[in-house]
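Heads up, the thing below is written out as structure tokens.
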Amino acid sequence: MVKKAELTDFERGKVIGFHEAGDSERTISKKTGYGKTTIHNIIVKYHETGAVTVASRSGRPKKLTERDKRHLKAIINKNRREPEEKIRKIFIESTGKDVSRRTIQRTLYKMGYNSCTALRKPCVSEHNRKMRLNWARERRSWTIDNWKKIVWSDESRFTMFQNDGKIRVWRLQKEKYDINCLILTMKHGGGGIMMWRCFSWFGLGPLVRIDGRVRGVTDIT
């Protein structure tokens, strides 16, 4: 029976072994069951190149090169909230390569990017972020007894008109809390009421409505 599938390196080695032992191509075909043409081609290649193994094939070339991927990453970092089709158009306009939306999507996923709902986080200035980080570092060795003596308090303005719709961004897993992947929220705008509350180790304090502006010292009784 003639074997049509491509032979493995081991099977090719058997053919060359019989050939080196002095067997004819016809005899080798009978012993192995491989086609005479296959036997002949293996022997010819062996004498021409000395190779027995099958040369690896390059396969279908990728549509996007490594340079294209770096360019696509730069586009994503500047347009995190744009849909795939808009990303595709920007890529085509800047590179001249006409690629499908599916290719862009598949490439982004392989690079680790996913379209995720952006997290909402109160807007904090760079100065305040540094102050908060320093404050936390200064107290990282505190014991539970130290924290039991602390009362946390804050005021917040609840607005009547604020867009709470979902906004999606392209980001890597590690970029979840990066500033350009967040939706910053504000404590004012649209009209509303100001509320104050505190809590400590021992429980919640009262929830108090505040009329007027909050100053350093405010009477909430």
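No lab work stands behind these numbers, since they all come straight from the coordinates. These numbers come from a predicted model, not from an experiment. So basically every Cβ, Gly included, is an ideal-geometry build from the backbone, and we count neighbours across all protein chains shown.
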Quiz item: Taking neighbour Cβ counts within 10 Å as the exposure measure, how do Val52, Val15, Val44, Val169 sort from fewest upward?
Solution: Val44, Val52, Val169, Val15
Quiz item: Check Ile167: other-chain or 5+ apart residues with amide H under 5 Å from its amide H, H built from backbone geometry?
Solution: Ala118
Exercise. Sort Phe10, Phe18 so that the residue with the fewest other Cβ atoms within 10 Å of its own Cβ comes first and the one with the most comes last.
Key: Phe10, Phe18
Quiz item: Which value in nm describes the separation of the simple spin-label points at Thr95 and Cys198, placed 7 Å from the Cα toward the beta carbon?
Solution: 5.8
Exercise. Taking every pair of alpha-carbon atoms in segment 1-157, give the share separated by more than 22 Å as a whole percent.
Key: 69
Quiz item: Using modelled backbone amide H atoms (1.01 Å from N, in-plane), which distant-in-sequence or interchain residues come within less than 5 Å of Gly205's amide H?
Solution: Cys198, Phe199, Ser200
Quiz item: Semi-axes, largest first, in whole Å: what does sqrt of 5 times each Cα gyration tensor eigenvalue give for segment 66-112?
Solution: 13, 12, 11
Practice problem: Would you grab the residues whose amide H sits under 5 Å from the one on Ile183? Only those 5+ places off in sequence or on another chain, please, with H modelled 1.01 Å from N. | Solution: Leu119, Arg120, Lys121
Quiz prompt | Taking all pairs of distinct alpha-carbon atoms in segment 9-49, Kirkwood radius in angstrom | solution = 9.8
